[in-house]
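Chemist: Questions regarding the structure given below will be posed in turn.
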């Protein structure tokens, strides 16, 4: 990816995150569940990743599109990885998850009729069995 492409991708991510109606959320704050409507911007932080996106209604399901990239840092010594676009369809009345290796995840729940989508950051915790 050229420097110009990286700059353009950063500008797109930043501009989508600043759109009116953007919903910021962080996987570290479980109480930060947000409800959005179709074509409303979603801006999310999941661990060391940043995601921006939206959903549309497609045959009664929520058709979610997210662009996921490393969080920008001026002091980072390593070059960021390439952004990735994630498309998923969440059936009405059901949910889907996007998880990271660090234990953070996002849950996307599609309401009946795909009228709204709830975005909820969740923290995965490993179960440790008690010693007998």
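The values are calculated or read from the model by the stated rules, or taken from the named source; none is laboratory data. Quantities reported herein were computed from a predicted structural model and do not represent experimental measurements. Positions of Cβ are backbone-derived with ideal geometry, glycine not excepted, and every protein chain shown enters the neighbour counts.
Chemist: If only one of 115, 81 is surrounded by 11 or more Cβ atoms within 10 Å (Cβ to Cβ) and touching a residue at least 60 places away in the same chain (Cβ under 8 Å), which one is it?
Modeler: It is 115.
Chemist: So, one more: Identify the residue in the stretch 88-110 that is within 11 Å of the chain's Cα centre (by Cα) and either surrounded by fewer than 15 Cβ atoms within 10 Å (Cβ to Cβ) or without any contact (Cβ under 8 Å) to a residue 24 or more places away in the chain (or both) and, among all such residues, is farthest from residue 38 (Cα to Cα).
Modeler: Once the filter is applied, the top-ranked residue is 97.
Chemist: Does residue 36 count as loosely packed, with under 13 Cβ neighbours inside 10 Å, closer than 19 Å to residue 105 by Cβ and either modelled with pLDDT of 80 or more or touching a helix residue (DSSP H, G or I) at 6+ places or on another chain (Cβ under 9 Å) (or both)? Working first, answer last.
Modeler: Numbers: loosely packed, with under 13 Cβ neighbours inside 10 Å: no; closer than 19 Å to residue 105 by Cβ: yes; either modelled with pLDDT of 80 or more or touching a helix residue (DSSP H, G or I) at 6+ places or on another chain (Cβ under 9 Å) (or both): yes.
The answer is no for residue 36.
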